[in-house]
Amino acid sequence: MRVSVVRCVRKGLFSSLMGKTASAKSAEAVDFEPSALSKEQQVKLKSKLSMLRKKEEKPSTEVKLRDVHEDDDFGGNFMDSIRARGLLKYRYNYSPPTDVDVMVKAIAKNYDSAGNDLAKKSDILRKLGAEFNHYVPNSALHKMKTVNDLLEFYRQEVKNITRYQEMARDQSLPSNLNIREQPSRFHPNDVHSSHKGVTAFPGVGGEVLGLRNKRIYRQFNPKKEWFDYEDMSFDYTKVDADMPWDPEVAKRMDSFVDKKYSARTRSFQKTSK
């Protein structure tokens, strides 16, 4: 049996078919025009349209990057929190309120009856930490056995500065007593100071030892001989310029948890959440 194949199609066949379908669709659309509906049908249609919800636009997940500017607000006493890290027990200040006993007893009233229920103990400690914004550290959890232990803990004041810094900031010191909180280091760029940028020890100094101190204090390359030309033997550029341990960079780096320092662009960029 031979299978026949269509090789020729009448000219204008598809256009006539498409025209018929288009005309049929337009005829069907006429039947659903609002003008063809009665008033009762239009009222019912309007009541149903109000129930339809428009397609909500999804929020964009792209995060726009912005560099950190000098006028950005880093918060109060943020440098104390940075210096306290790794040195002191707490990085924040805590002053017990006047009604601390009432607040602790109200939350931990069933603590003595908890016994060895660790889940209940954890729940009470979490509520107290959220209420006072001061949580019991892991090193003191084994000491929290009774309500009196909790009262003793939350009655103690916590500071993120040392006793020496506290004395240096005390305004009631005698007039003949002066305590300097931060060390005064020589730097040749400090031309407005008393030494006018001239060192008494040529070729000595300028290096800061320790990673912690390098994040806070400035370094410089000392001049080897006093009679040499400065442009030949002295380099005024900062050794730690634009580096992660530069004090200016470290100050901004430690103040934002949602930003990171890019060594390639030498700028701060927000991290994607």
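Each reported figure results from applying straightforward, stated rules to the coordinates on display, with no laboratory input. Everything numeric here is computed off the predicted structure, so don't read it as measured data. Backbone-built Cβ (ideal geometry, glycine too); neighbour counts: all protein chains shown.
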* Please give the number of the condition ASN213 fails out of (1) surrounded by 10 or more Cβ atoms within 10 Å (Cβ to Cβ); (2) within 25 Å of GLY86 (Cβ to Cβ); (3) touching a Phe, Trp or Tyr at 6+ places or on another chain (Cβ under 8 Å). => (3)
* Structure fact -> LYS105 passes all but one of the listed conditions (1) under 33 Å from the mean Cα position of the chain (by Cα); (2) surrounded by 12 or more Cβ atoms within 10 Å (Cβ to Cβ); the exception is number (1)
* To do: Give the number of residues within segment 141-164 that are surrounded by 11 or more Cβ atoms within 10 Å (Cβ to Cβ) and either touching a helix residue (DSSP H, G or I) at 6+ places or on another chain (Cβ under 8 Å) or touching a residue at least 40 places away in the same chain (Cβ under 8 Å) (or both).
  => 16
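Within segment 121-140, can you find the residues that are among the basic types (Lys, Arg) and in contact with a helix residue (DSSP H, G or I) (Cβ under 8 Å, 6 or more places away or on another chain)?
As a first pass, look at segment 121-140 and keep what is among the basic types (Lys, Arg): 121, 126-127.
LYS121, LYS127 - these are the residues of segment 121-140 that are among the basic types (Lys, Arg) and in contact with a helix residue (DSSP H, G or I) (Cβ under 8 Å, 6 or more places away or on another chain).
What tally of residues in segment 150-182 results from selecting those that are within 30 Å of LYS121 (Cα to Cα) and among the polar types (S, T, N, Q)?
Pass one, segment 150-182, residues within 30 Å of LYS121 (Cα to Cα): 150-160.
Within this subset, residues satisfying the condition of being among the polar types (S, T, N, Q) are 156, 160.
Residues in segment 150-182 being within 30 Å of LYS121 (Cα to Cα) and among the polar types (S, T, N, Q): 2 in total.
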* Quick one: how many residues across segment 173-200 are without any contact (Cβ under 8 Å) to a residue 12 or more places away in the chain and over 19 Å from THR162 (Cβ atoms)? -> 13
